[in-house]
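The values are calculated or read from the model by the stated rules, or taken from the named source; none is laboratory data. Quick caveat: nothing in here was measured; it's all calculated off a predicted structure. In this analysis, Cβ positions are derived from the backbone assuming ideal geometry, glycine residues included, and neighbour counts consider all displayed protein chains. Just the protein is used for accessible areas: all its heavy atoms, side chains included, with ligands, DNA and RNA removed. Shrake-Rupley method; radii C 1.70, N 1.55, O 1.52, S 1.80 Å.
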Amino acid sequence: MLYFTLASKAYSRNLQYRGAHMVHNLASAMFGYMYACLWIGIGADHTLGEYGTQGMISYIAFTQSSLWISGFLTNGLGIPLSVRTGQIALDLMRPVHLFTHLMAREWGQIAYQFVYKSIPIYLLFSIVFSLHWPSDVSTLFYAALGLAGAAYLSICMNYIIGATSMWTTESSWLHWGNHAMMNLLAGFFIPLEWLPNWLEQLAWISPYPFLLYVPTRIYLGFEDGSLLWGTLLWCVFMTLICLVITQVLRRKVEVQGG
Amino acid sequence: MKRTSWFHLYKMLIRTSIRSRMQYKFNFIMASVLAALIQISEFLMVALVLHRFGAIKGWSLHEIGYLFAIMTLSKTLYRTFGNEVHHLEKYLVNGELDQLLTRPMPVLLALLPQNFRIMAGEVLQGGFILCWSLAGMMYSGQIGWIAIPFSLLIILTGAVILFSIGLATATLGFWTTRIEELQTITEDAARTAAQYPLTLYPKWMSGILLTVIPVGFVNYIPSLYLLRGEGGAWVLVAVAAVAVLSLAASLRFWQFGLTKYQSTGS
Amino acid sequence: MNMITARHLQKEFKTPVIREGRFSGLRTLFSRETVSKEAVRDISFDIGPGEFVGYIGPNGAGKSTTIKMLTGILHPTSGEVRLDGMNPHQDRRRTVGRLGVVFGQRSQLWWDLPVKDSYDILAEMYGVRTEDKKKRLSQFAELLDLESFWATPVRKLSLGQRMRADLAASMLHDPELLFLDEPTIGLDVNAKRNIRQFLRTLNEEFGKTILLTTHDMDDIEQLCSRVMVINHGQLTYDGSIPSLRDTIGLPTLIRVTYRGSYLMPDTIPTAIQITGVEGQIVTVEVNRKEWSTMDILKQLEQWGEIEDVEMKEPDFEDIIHRVY
């Protein structure tokens with residue numbers, strides 16, 4: 001019940017800015033439109049693998065929309081800010097585990113962004129580019145799972161990045177580094193199979209492909225659900241790291257007095 | 001006051017701004033480097049695509065790198081000197097503009113030096129990509145040495161054009177107060193679009209990027225002449241003309257907007 | 001020539017109507033309906049050189065809007081302003097160079113730098129010669145006691161110190177006309193006294209024309225020879241303070257202490273209102289416009305032997321409330 005409240009508070013806090021967000025959606029959609037134009041341009045002179053030009057447009061449309069689920073989360077889940085104000089000591093003392101506490105809030109945020117950003121943007125793309133939606137229920141189901149997993153992974157990663165702000169004020173390096181990795185390794189603009197081999201292998205060692213590439217591939221019908229095992233593995237692994245980090249954090253606060 | 005003392009005053013205000021920032025012992029370099037890294041990763045993305053496919057609409061990696069670099073450096077020049085125009089919303093919401101209006105100097109002259117800072121990271125990143133792309137094209141014989149001074153020239157005209165767009169967008173704030181959303185479109189989105197050859201976009205979009213929001217004149221149009229030999233030297237003259245015209249137009253618009261200023265409170 | 005001339009000033013603010021309901025933000029953005037608010041309706045006045053005028057009114061009455069129009073920050077929807085013959089809207093820079101302005105809520109000094117640095121910059125901005133700057137600053141330093149925080153960064157100053165520094169800054173280029181917007185707000189009693197003394201000196205010794213807006217009625221009473229009251233965008237009073245009292249006609253309070261016994265007659269003149277009786281002390285309210293003080297005292301003497309008399313004029317605050 002508590003978690004639901006935390007999530008819905010985060011959700012409703014955003015509602016008052018709906019109007020401004022809609023205008024912002026237009027700007028976001030424009031970026032996607034530009035990338036789509038790029039691929040159309042490339043597709044005019046080259047064959048685009050198993051996607052074809054229309055497939056690449058769908059690829060871009062889906063990844064751009066999913067950014068609001070697994071890409072644009074609250075910086076460090078709010079931990080860096082909380083460390084600066086000293087609020088973190090209070091948060092750690094609560095009878096709620098910090099990780100689940102912040103995660104619940106973030107789910108609310110993600111839910112809002114899904115409804116008011118991802119969906120409108122994807123609808124816009126669908127209309128402009130006459131996109132086909134998958135008709136297969138299992139495709140949609142697996143894609144949804146993939147997105148949920150991606151969101152969860154992203155929450156964990158932001159948590160870890162946020163936690164480092166306890167030790168250094170330079171956590172913004174990690175945040176931006178994460179952003180850069182997203183651009184290159186998550187299949188943000190280029191499907192991973194088109195990266196140079198060494199880079200592609202590097203990508204698959206990291207959790208990044210599971211943030212954008214995997215859900216998109218499933219949605220477009222190029223994968224069945226088997227890659228989701230990878231998502232699951234990473235989710236478990238990340239959760240463990242987050243739990244360990246929370247312990248370390250708590251000990252640091254207890255020793256230092258907050 | 002005579003013109004020479006405006007310049008003297010301007011320099012003094014810049015020095016004041018720098019001294020103010022020093023008080024905080026801020027690592028301004030760091031923020032700039034981070035921004036540069038993000039931009040590099042953006043370019044790398046496109047570079048990877050071009051690595052795989054060779055060219056986009058007949059534009060090679062070096063040529064696109066050139067477009068990128070010119071845009072980055074123009075924007076850096078604009079934001080070094082004219083950053084407060086981009087942040088005008090803050091002044092409108094806080095009523096801080098009142099203060100500047102009571103000074104016996106042009107409002108812009110009082111406004112612009114307030115946040116002067118060297119964006120080292122972006123200068124390095126833009127400079128690096130520029131050198132790399134120029135070197136590549138000179139090596140393959142596509143361009144000659146003359147391209148270097150011309151490039152510096154169009155960075156300057158580009159900065160003027162970007163500044164004019166920023167100023168015009170900011171002026172709208174006198175009516176709407178909130179301009180950040182609009183700036184995402186006129187400044188960020190337009191600039192990103194112009195980092196790629198305009199032939200990629202449908203006619204209506206490239207039309208806009210050459211008229212209403214003339215970012216196309218920052219890098220694309222000059223590149224048509226400098227890199228591909230299309231047109232003649234008059235292209236550069238036209239670009240300079242666009243820069244001057246857009247500056248004049250935005251300044252007039254700004255003057256008009258000031259008369260509509262509503263301030264805060266009663 | 002008049003220092004300040006305002007003719008039929010009017011200022012209308014157009015704000016977009018906030019749309020309620022779903023997608024309110026977006027609909028507001030695209031709707032063209034605006035709500036008009038007339039902050040200043042039709043204000044005209046003249047202020048001569050050397051006058052010290054108070055400009056008061058309740059919140060939202062249009063005080064700040066008027067000041068902003070006078071100083072060139074806002075352009076009036078209609079009407080004209082002339083400051084010493086100059087037009088602040090068409091000739092902003094030249095006009096503004098001859099004004100001093102102090103906003104109580106905001107400083108014009110450079111936040112992160114020592115106070116003295118701000119003066120150097122301002123001197124440069126207003127074209128003040130170094131000798132003049134030095135001379136005036138040492139004068140102000142004495143009058144305002146600036147030496148103690150000369151090298152302190154502005155952000156570290158107390159409110160009182162900052163206000164004194166701001167006042168000196170506004171006078172650095174020796175303007176003949178000074179606008180003050182709530183200069184004593186938030187200050188303690190000593191600071192207020194110090195600043196009032198400075199303003200009095202500026203006006204009486206240096207002949208500066210000063211227009212002061214404030215919520216502090218003591219400021220008005222102690223400094224201003226004339227007061228203008230604005231309410232709902234219009235001037236409801238423009239004249240001297242004594243005649244303001246007369247116009248309003250609030251009663252004077254007289255407290256009489258009788259020795260021994262006293263007897264109040266059955267019929268009392270209507271000019272005298274008895275408001276309290278406590279043992280030997282009788283409190284009455286009288287309107288001194290109708291009866292002179294001597295006559296009233298004579299009347300009260302008839303009731304018994306007076307041991308002590310205390311008179312209390314109506315509070316200036318009360319008077320102002322009447323005007324509002």
Do we have any residue at all in the stretch A:167-186 that's closer than 20 Å to B:Val49 by Cα, open to solvent by less than 30 Å² (accessible area, probe 1.4 Å), small (Gly, Ala, Ser) and out of contact with any Asp or Glu (no Cβ under 8 Å at 6 or more places or on another chain)? yes
Of everything in the stretch A:58-90, what is crowded, with 22+ Cβ neighbours inside 10 Å, under 15 Å from the mean Cα position of the chain (by Cα) and of a type in the set (Phe, Trp, Tyr)? Give them in sequence order. A:Phe62, A:Trp68
List, please: which pairs have Cβ atoms under 6 Å, are six or more places apart or on different chains, and start with a residue in the stretch A:23-48 that is part of a loop (DSSP other than H, G, I, E, B) and end with one that is not charged (D, E, K, R)? A:His46/B:Phe53; A:Leu48/A:Met56
Taking only pairs six or more apart or across chains, which ones have beta-carbon atoms under 7 Å, a first residue in the stretch C:268-281 that is touching a residue at least 24 places away in the same chain (Cβ under 8 Å) and farther than 13 Å from C:Lys298 by Cα, and a second residue that is in a loop (DSSP other than H, G, I, E, B) and open to solvent by 80 Å² or more (accessible area, probe 1.4 Å)? C:Ala271/C:Glu290
If I filter the stretch A:91-102 for residues that are in contact (Cβ under 8 Å) with a residue 12 or more places away in the chain, over 26 Å from A:Leu6 (Cβ atoms), open to solvent by less than 10 Å² (accessible area, probe 1.4 Å) and assigned to a helix (DSSP H, G or I), do I get at least one hit? no
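Conditions (1) open to solvent by 30 Å² or more (accessible area, probe 1.4 Å); (2) assigned by TED's automatic domain parsing to the domain that holds C:Asp218; (3) assigned to a helix (DSSP H, G or I), marked per residue:
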residue	(1), (2), (3)
C:Arg259	yes, no, no
C:Val282	no, no, no
C:Glu307	yes, no, no
C:His321	yes, no, yes
Pull out all pairs, ordered by first then second residue, where Cβ-Cβ is under 7 Å, the residues are six or more apart or on different chains, the first lies in the stretch C:181-200 and is closer than 13 Å to C:Thr214 by Cα, and the second is in a strand (DSSP E or B) and not hydrophobic (A, V, I, L, M, F, W, C). C:Asp181/C:Thr213; C:Glu182/C:Thr213
Restricting attention to the stretch B:99-140, which residues are more than 14 Å from chain C (Cβ to nearest Cβ), surrounded by fewer than 19 Cβ atoms within 10 Å (Cβ to Cβ) and of a type in the set (S, T, N, Q)? B:Ser140
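Within the stretch A:191-226, can you find the residues that are within 14 Å of chain B (Cβ to nearest Cβ), within 22 Å of A:Thr139 (Cα to Cα) and not in a helix (DSSP H, G or I)? Outline the logic, then answer.
Taking the stretch A:191-226 and keeping what is within 14 Å of chain B (Cβ to nearest Cβ), we get A:191-200, A:202-203, A:208, A:212-213.
If we keep only those that are within 22 Å of A:Thr139 (Cα to Cα) as well, we get A:191-193, A:208, A:212-213.
Scanning the stretch A:191-226 gives A:Pro191, A:Leu212.
Can you name every residue in the stretch C:209-229 that is assigned to a strand (DSSP E or B) and β-branched (Val, Ile, Thr)? Break it down stepwise before answering.
From the stretch C:209-229, those assigned to a strand (DSSP E or B) are C:209-213, C:226-229; that's our starting set.
Of everything in the stretch C:209-229, those that are assigned to a strand (DSSP E or B) and β-branched (Val, Ile, Thr) turn out to be C:Thr209, C:Ile210, C:Thr213, C:Val227, C:Val229.
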Out of B:Tyr220, B:Tyr225, B:Tyr201, B:Tyr196, I need the residue that is closer than 18 Å to B:Leu130 by Cβ and facing chain A (nearest Cβ under 8 Å). Which one? B:Tyr196
Among (1) open to solvent by less than 10 Å² (accessible area, probe 1.4 Å); (2) touching a strand residue (DSSP E or B) at 6+ places or on another chain (Cβ under 8 Å); (3) within 15 Å of B:Ser263 (Cβ to Cβ); (4) not polar (S, T, N, Q), where does C:Gly100 come up short? (3)
Does C:Ile220 satisfy the condition of being at negative phi and either surrounded by fewer than 20 Cβ atoms within 10 Å (Cβ to Cβ) or without any contact (Cβ under 8 Å) to a residue 60 or more places away in the chain (or both)? no
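Based on what the data block shows, is B:Ala159 modelled with pLDDT of 90 or more, away from every other protein chain (no Cβ under 12 Å) and under 30 Å from C:Gly60 (Cβ atoms)?
Numbers: modelled with pLDDT of 90 or more: yes; away from every other protein chain (no Cβ under 12 Å): yes; under 30 Å from C:Gly60 (Cβ atoms): no.
When the stated conditions are applied, B:Ala159 does not pass them.
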Of the numbered conditions (1) within 14 Å of another protein chain (Cβ to nearest Cβ); (2) in contact with a Phe, Trp or Tyr (Cβ under 9 Å, 6 or more places away or on another chain); (3) open to solvent by 10 Å² or more (accessible area, probe 1.4 Å), A:Tyr142 satisfies every one except a single condition; which is it? (1)
When you go through (1) under 30 Å from C:Gly48 (Cβ atoms); (2) part of a strand (DSSP E or B); (3) in contact with a helix residue (DSSP H, G or I) (Cβ under 7 Å, 6 or more places away or on another chain); (4) open to solvent by less than 70 Å² (accessible area, probe 1.4 Å) one by one for C:Leu244, which number turns out not to apply? (2)
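Regarding A:Thr239, is this residue open to solvent by 20 Å² or more (accessible area, probe 1.4 Å) and either within 20 Å of the chain's Cα centre (by Cα) or without any contact (Cβ under 8 Å) to a residue 24 or more places away in the chain (or both)? Spell out how you get there, then give the answer.
Numbers: open to solvent by 20 Å² or more (accessible area, probe 1.4 Å): yes; either within 20 Å of the chain's Cα centre (by Cα) or without any contact (Cβ under 8 Å) to a residue 24 or more places away in the chain (or both): yes.
In short, yes.
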Just checking, how many residues over the stretch A:22-41 are more than 8 Å from chain B (Cβ to nearest Cβ) and open to solvent by less than 30 Å² (accessible area, probe 1.4 Å)? 7
Restricted to the stretch B:109-127 and to residues being more than 14 Å from B:Ala35 (Cβ to Cβ) and part of a helix (DSSP H, G or I), the residue farthest from the chain's Cα centre (by Cα) is B:Ala110
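Quick grid of which residues meet (1) within 23 Å of B:Leu34 (Cβ to Cβ); (2) out of contact with any Leu (no Cβ under 6 Å at 6 or more places or on another chain):
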| residue | (1), (2) |
| --- | --- |
| A:Asn183 | yes, yes |
| A:Phe189 | yes, yes |
| A:Trp198 | no, yes |
| A:Val214 | no, no |
For the stretch B:249-266: of the residues being open to solvent by 50 Å² or more (accessible area, probe 1.4 Å) and in a helix (DSSP H, G or I), which is farthest from the other protein chains (Cβ to nearest Cβ)? B:Ala249
